Amino acid sequence: MSESVPHDPDDVLDRNMRRVSRGLSGFALVLMLVGFVISVTGPHPIDVHAIDLGARGQRLMLDGIIVLCLLPAVRVLTAGAYYAAARRLAQAVVALVVLLELISSIVTGG
Amino acid sequence: MLLALFATGVAAGTVGAMLGLGGGIFLVPALTLAFHLPVRIAVGTSLVSVIATSAGVAAAADHESGADVLLALRLEVATAAGAVLGGLVAGLVSPNALAVLFAAVVFATAGYTLVKSLGRTSDEAMYRRDYRPRRWTLGSATAGLAGMVSGLLGVGGGFIKVPTMYAVMGVPLGVATATSNFMVGITAAASVFVYIARGDVLPLVVVPTAGGVFLGAVAGSLLQARVKVGALRWALIVLLLGIGVQMLLRGLRGGV
């Protein structure tokens, strides 16, 4: 791989990546924050509903964590889709290889 | 405790974003030593936090300071290939010998970065878009070696990818750190779901830490634009020397 490659001269890929990163991480942070607030400032534990609410808060936090952890895969997917749409097939294949490697690591446990 | 976790996250995220390391290298010792968390919980928290750093850097980036996506993907393929090779030779090579070998590579990288920095001007730009990465073979080989040892020795390879991209491949330092943060996010995502499935990701520990890391990463990205390239370069060299010494001692003492 000795050839040189321009760094996204038209900024379309960078713009898409920024949009995906801000949207997904913002959504994840909101989920985590809401879950955290519910867990920490929920009703007194003596209240039977507090157990439900506490569990719901934990669940929301975990959902936020999972959304955040999916971000790298979504970013690779975004890059692959951009390269495929721009008919930069060699680069789309590189993105696909990374995505498959990531998915196989997740499925097989690293 | 929650505020302390948040503050630790902010500090790790700021430094991790500025140096392109993700922050895990600081978080695991802090969580185990200062907060007395079990190593598995600390690693699970650290993996989510590395992804939070990656997300924070990406969210704060603009056209100039964004990661070089194609460079990251290509080096990531080399890193994965190195990890597979590492798995194949795991039974053939002593981990202690590998630790010594990796320490030698870390020292060589620090020395190379130092030598290359002598010829650079003081007004070197942190970000540029008109560069073209060069010496792909050497860069890919170093990324592959980082992948190989990361599986065998349990260390992340982010600290060696930044100087490789910067000093060997000619990538501007700010772009190299953003690219490295993108890469360490991918690497962390590959293993974090195992920790989530095992119950080693505790939401009440992770959320304040990762939230702090995210904010720290955004702050670190903005701060990086105000720092001189020379200062960041010296911080990297000192860090590399520290990691090299630690790795060498682990290898020589047989503690791997």
Compare B:F35, B:F107, B:F182 in a GNM of chain B, Cα atoms joined below 10 Å, and give the one with the largest fluctuation. B:F35
Probe 1.4 Å, all protein chains in place: accessible area of B:T142 in Å², nearest 10? 20 Å²
Whole-Hz ³J(HN,Hα) for each residue in segment B:160-171, computed from phi via Karplus 6.51 cos²θ - 1.76 cosθ + 1.60 with θ = phi - 60°, x for glycine and proline: what do you get? 9, 6, 4, x, 5, 5, 6, 7, 8, 9, x, 8
Build a GNM of chain B with springs between Cα atoms under 10 Å: which of B:L70, B:L223, B:L98 gets the top mean-square fluctuation? B:L70
Looking at the square roots a ≥ b ≥ c of the eigenvalues of the Cα gyration tensor of chain B, which shape do they give, rounded for a/c under 1.5, prolate if a/b is larger than b/c, or oblate? oblate
Ignoring ligands and nucleic acids, A:R59 exposes an accessible area, probe 1.4 Å, in Å² to the nearest 10, of 130 Å²
So if we plug the beta-carbon distance of A:V40 and A:I66 into 1/(1 + (r/R0)^6) with R0 = 22 Å, what FRET efficiency do we get, rounded to 0.05? 0.65
Relative contact order (percent, whole number), segment B:108-256, Cα cutoff 8 Å, 6+ residue spacing: 31 percent
So the carbon and sulfur contribution to the accessible area of chain B, 1.4 Å probe, in percent, is 69 percent
The protein assembly as shown: Cα Rg divided by the 2.2 N^0.38 Å rule of thumb: 0.97
To the nearest 0.05, what FRET efficiency results for B:A141 and B:L249 with a Förster distance of 25 Å applied to their C-beta separation? 0.45
Testing the spin-label approximation: label points 7 Å from Cα along Cα→Cβ at B:A104 and B:D62. State their distance in nm. 4.6 nm
Rounded, prolate or oblate for segment B:97-141? Axes are the square roots of the Cα gyration tensor eigenvalues, ordered a ≥ b ≥ c, and the cut-off for rounded is a/c under 1.5. oblate
Kirkwood Rh and Cα Rg combined as Rg over Rh, evaluated for segment B:163-256: 1.04
Extending each Cα 7 Å along its Cβ direction at B:S94 and A:L100, get the distance between those two points in nm, one decimal. 3.9 nm
With a Cα-only, solvent-free Debye model of segment B:24-134, what are the log10 I(q)/I(0) values at q = 0.14, 0.17, 0.21 Å⁻¹? -1.04, -1.36, -1.30
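The values are calculated or read from the model by the stated rules, or taken from the named source; none is laboratory data. Remember, it's a predicted structure, so these values are computed and weren't measured experimentally. Neighbour counts run over all protein chains shown; Cβ positions are idealised from the backbone, glycine included. Keep in mind that these areas ignore ligands, DNA and RNA; they rest on the heavy atoms of the full protein, side chains included. Shrake-Rupley method; radii C 1.70, N 1.55, O 1.52, S 1.80 Å.
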